[in-house]
Ligand SMILES: Nc1ncnc2c1ncn2[C@@H]1O[C@H](COP(=O)(O)OP(=O)(O)OP(=O)(O)O)[C@@H](O)[C@H]1O
Ligand SMILES: [Mg+2]
């Protein structure tokens, strides 16, 4: 059986609304925690750092009437996906706020893998306008939606800056009406995907990895991002020197 459940007749779907029509995501909290997603069940004290990051971010977004946030890093493996997921589940506890998390690291999608989602949709189909919301997004609880991606996309930069992708995202915003959208993006020094997508976001968070990212890499990325969008913060991840594992 398709574990997304039966697709409702269109008329009923309209009655329920786009949000209610999204299939519900059931997660294994232990798998998530093993993959360092700790805000789901608060399995580590580090959740407090994410809650603080969430609250600061929400204040800036609300003050400026912004919604969409890109998460990137200079080089691979700085912790973007990990931080995007922890932030998303921290936002899920903010009940007056509807949040969307999308895996737009099209070359190396990892959100589905990190959460062990078996039936992720195709982000390429969604961004090309060939897949509808309920084929792409899951609803977790009452106020978080997650769009994983089951397969890499070859012409990712071209797709990310296409008019069809901008239209698909705009339709999603109109139907789901999120207060916050978090985009898990690729690292920015190796491809042009991030620069291609920046016109679609209000601001960006840059993740640097302690002992891996150099000051020069962070400087180059920050400067390039500041020219094109609003810098919302730089996160120093994997730091040995803070009491919690995460610095902001
Ligand atoms: N604060 C941390 N402390 C220790 N390990 C971490 C921390 N944050 C992330 N990691 C680990 O580092 C690895 C890379 O993390 P993650 O996949 O989130 O990075 P990424 O920037 O999304 O990578 P990619 O560029 O490949 O998408 C994972 O194994 C993750 O569990
Ligand atoms: Mg990643």
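No lab work stands behind these numbers, since they all come straight from the coordinates. Worth saying up front: this structure is predicted, and the values here are computed from it rather than measured. Cβ atoms come from the backbone with ideal geometry, glycine included; neighbour counts cover every protein chain shown.
Would you kindly state how much longer the chain becomes between residue 52 and residue 64 on full extension, computed as 0.36 nm times their sequence separation minus their alpha carbon distance, in nm to one decimal?
Values: separation 12, 0.36 × 12 = 4.32 nm, distance 1.86 nm.
Gain in length upon complete extension: 2.5 nm.
When DSSP assigns beta bridges and you keep just the ones with both residues in the chain, what percent turn out antiparallel, to the nearest 5?
Values: 3 of 28 bridges.
Expressed as a percentage, antiparallel bridges in the chain total about 10.
Sorted by average packing, counted as other Cβ atoms within 10 angstrom per residue and highest first, what order do 179-189, 218-228 take? Intermediate results must be reported in sequence, preceding the final value.
Numbers: 179-189: 23.4, 218-228: 14.7.
Final packing ranking: 179-189, 218-228.
Pop the C-beta distance of residue 231 and residue 28 into the FRET formula with R0 = 41 Å and round what comes out to the nearest 0.05. Intermediate values should be presented prior to the final figure.
Values: r = 35 Å, r/R0 = 0.86.
Result of the calculation: an efficiency of 0.70.
Rg(Cα) of the chain divided by 2.2 N^0.38 Å?
Details: Rg = 17.2 Å, N = 248, 2.2 N^0.38 = 17.9 Å.
Working it through for the chain, the quotient is 0.96.
Cα axis of helix 163-176 to longest principal axis of the chain: angle in degrees, 0 to 90, nearest 10?
Value to nearest ten degrees: 70.
Give me the number: length gained by fully extending residue 212 to residue 43, i.e. 0.36 nm times residue separation minus the C-alpha to C-alpha distance, one decimal in nm.
Working: separation 169, 0.36 × 169 = 60.84 nm, distance 2.61 nm.
Stretched fully, the residue 212-residue 43 segment lengthens by 58.2 nm.
Defining a contact as two alpha carbons under 8 Å apart and six or more residues distant in sequence, what relative contact order in percent does segment 6-241 show?
Working: 420 pairs, mean separation 62.5, N = 236.
Over segment 6-241, the number comes to 26 percent.
When the chain is fully extended, how far beyond the present Cα-Cα distance does residue 35 get from residue 174, taking 0.36 nm per residue of separation?
46.8 nm
Hey, with R₀ at 41 Å, roughly what FRET efficiency would residue 195 and residue 118 work out to, going by the Cβ-Cβ distance, to 0.05? Provide the component values of the computation, followed by the final result.
Numbers: r = 33 Å, r/R0 = 0.81.
Calculated value: 0.80.
What does the highest-first list of 156-164, 102-110, 117-125 look like by mean Cβ count within 10 Å? It would help to have the intermediate numbers written out before the result.
Numbers: 156-164: 17.1, 102-110: 22.4, 117-125: 18.8.
Going from most to least packed, we get 102-110, 117-125, 156-164.
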